[in-house]
1. Quick one: in segment 302-325, of everything that is part of a helix (DSSP H, G or I) and charged (D, E, K, R), which residue is farthest from Ile339 (Cα to Cα)?
2. Show me the helices (runs of 4 or more DSSP H) found entirely inside segment 169-258 where at least 2 residues are touching a residue at least 40 places away in the same chain (Cβ under 8 Å), hydrophobic (A, V, I, L, M, F, W, C) and over 29 Å from Ile6 (Cβ atoms).
3. When segment 192-209 is examined, which residues are found to be closer than 18 Å to Pro373 by Cα, hydrophobic (A, V, I, L, M, F, W, C) and either within 14 Å of the chain's Cα centre (by Cα) or crowded, with 18+ Cβ neighbours inside 10 Å (or both)?
4. Step by step: first the residues of segment 410-444, then only those that are polar (S, T, N, Q) and either assigned by TED's automatic domain parsing to the domain that holds Lys237 or at pLDDT 90 or above (or both), then the one that is nearest to Pro373 (Cα to Cα). Which residue is that?
5. Of the residues in segment 213-241, how many are modelled with pLDDT under 90, over 15 Å from the mean Cα position of the chain (by Cα) and buried (at least 18 other Cβ atoms within 10 Å of the Cβ)?
6. Can you tell me how many residues in segment 15-33 are within 25 Å of Phe390 (Cβ to Cβ) and surrounded by fewer than 22 Cβ atoms within 10 Å (Cβ to Cβ)?
7. Among what's in segment 419-434 and is assigned to a helix (DSSP H, G or I) and surrounded by fewer than 18 Cβ atoms within 10 Å (Cβ to Cβ), pick the residue that is farthest from the chain's Cα centre (by Cα).
8. Taking only pairs six or more apart or across chains, which ones have beta-carbon atoms under 7 Å, a first residue in segment 36-51 that is assigned by TED's automatic domain parsing to the domain that holds Ser89 and farther than 15 Å from Thr73 by Cα, and a second residue that is among the polar types (S, T, N, Q) and not in a loop (DSSP other than H, G, I, E, B)?
Amino acid sequence: MKKIKILTAWGWVDCSCAAAIALRKFKSADISGMSQRKLPIHLTELSKNPKCPYSKIIILGIGMNTAPKMLITAIDKLKERKVELIWISAYNIPYTLKNHLTDYAEHDTKKGYVSITEVVAKYFDLPYKDLEKLYTLEKKDLTGKSLEQYLLIQSAQHRYRCFQDYESFAEAVRTIAETRVKLTDDQKRMIEFYKKYGNRELKGKSQVMMDLHATIQKIGKKDTARVLIYGETGTGKETVAIHLHDRSPRKDKPMITFNCASSNKDLLESHLFGHVKGAFTGAITDRKGAFEEADGGTLFLDEIAELPLGTQANILRVLQEGRFNRIGSIEEITIDVRIIAATNKDLPQMIREGKFREDLFYRLNVVPIHIPPLRDHLDDITKIADNIWFNKGLGHLNPKNIKILKTYNWPGNVRELGNFLERAAVLEENDFVKLLNMHRKEIESMKATEQVLPENMDELIRYQANKLYEKYGQNKVKTAKAMGISRITLRKYLE
């Protein structure tokens, strides 16, 4: 017996609810999310299959303005195979397609329909009021079950966008259709991941971003390979690490992020390796370190270049042997951790300067990933900025403001862009020209205050001598002592 296929538009809670309503009519139907761009390709593939498994295809909320000739050819071939096509949409059907579809229903405000969910419910004569808060997105009223359903749909769509996970979305829609009371453990984990990392997406369709996605997809599942992520501040190094972890077999295990620059130097090794009670003043209880907390999962070492050489040596031992001691303990702890490190520094240069261990570099740099700065793919601002703005509940950015955003190079990368849009939202400022001019002046003012030091050594010493001379109230004795030189030498540099 042939099956029924439901294709619903991605990205909209309303379309997900519409698919759930259709599933109440066709309980055993297959369900897939679909974009307007991929619809002609998908229908063409089905039309070429001599053993097409579907007797009915229901298309919900997907526009049909892409590749109309391909669509018509695919639809006509499917009809020849006795496949019924029903298109239900909030868009007006293209005139060229009206004679090709088996049946269709359009959004009709005269009949009081306000959403694709209602159009589907009226078409199949099914109840839908239990989803009303959800599909109308009255977020301030979303509590209890409605809030859980909303998070389920959003997290499933997030999994599709980030990890090409189609099944989670289909299962989420089915859960809503069945008004299932209990979520599965996988769904609960998916929601928790979305709540924690839902704002961390790698948006953009440029070639450099597509290459980055392909690299993450390839090496994410190689969960023993160490990765070193290079990128300027604000490019999204931690986001890449999160995506690598969640594509790996370790995704159900912890991912611990440790910023190597944020920890007090005296407590750094305690935070990394843990300590036992009494190991030092203030150690009143035993404590696990980052390596132990991440056992079985992933440890992300951000700003790895900031580690002191001594700590680098201790980390090298852990990487080589897979074991370590808590501070103050003789008991060895064995761990299984995937290490992902990140830096915005030139590590080879630091190795030449004696500031970073060469042997540690080679241990970490098994698979390097380079994240491009935003100025190298400015066209992606369309997707990135619009996504940030939309997630603030402000709808879509107008094309004029997106064009304005592309006139700036964003030296702080995506983080700077996000902060700018946050300011625009808080100030309710829609004049991006005015706001960006203010932002540029602030950045230029910051750069103007940065002192450019002389490159010539003699000039650099003269500069330092004059700075210290002013600091010590023009006292030559104190200045010479601070510099470790004689007063005669100091006088030469002050002349």
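The values are calculated or read from the model by the stated rules, or taken from the named source; none is laboratory data. Being a predicted model, the structure only gives us computed values, none of them experimental. Here the Cβ positions follow ideal geometry from the backbone for every residue, glycine too, while neighbour counts run over all protein chains shown.
1. First pass over segment 302-325, keeping only residues part of a helix (DSSP H, G or I): 304-306, 309-321.
Add one more test, that the residue is charged (D, E, K, R), and what stays is 306, 317, 321.
Values: Glu306: 16, Arg317: 13, Glu321: 13 Å.
Residue satisfying both the conditions and the ranking: Glu306.
2. Values: elements: 185-197, 207-220, 237-246.
It comes to 207-220, 237-246.
3. Answer for segment 192-209, where residues must be closer than 18 Å to Pro373 by Cα, hydrophobic (A, V, I, L, M, F, W, C) and either within 14 Å of the chain's Cα centre (by Cα) or crowded, with 18+ Cβ neighbours inside 10 Å (or both): Leu202, Met209.
4. Asn413
5. Here the count works out to 1.
6. So the count comes out to 1.
7. Applying the first criterion (assigned to a helix (DSSP H, G or I)) to segment 419-434 yields 419-427, 432-434.
Remaining after also requiring surrounded by fewer than 18 Cβ atoms within 10 Å (Cβ to Cβ): 419, 422-423, 425-427, 433-434.
Details: Asn419: 16, Glu422: 17, Arg423: 21, Ala425: 21, Val426: 23, Leu427: 26, Val433: 28, Lys434: 29 Å.
Applying the filter and picking the extreme gives Lys434.
8. Note: no pairs meet the criteria.
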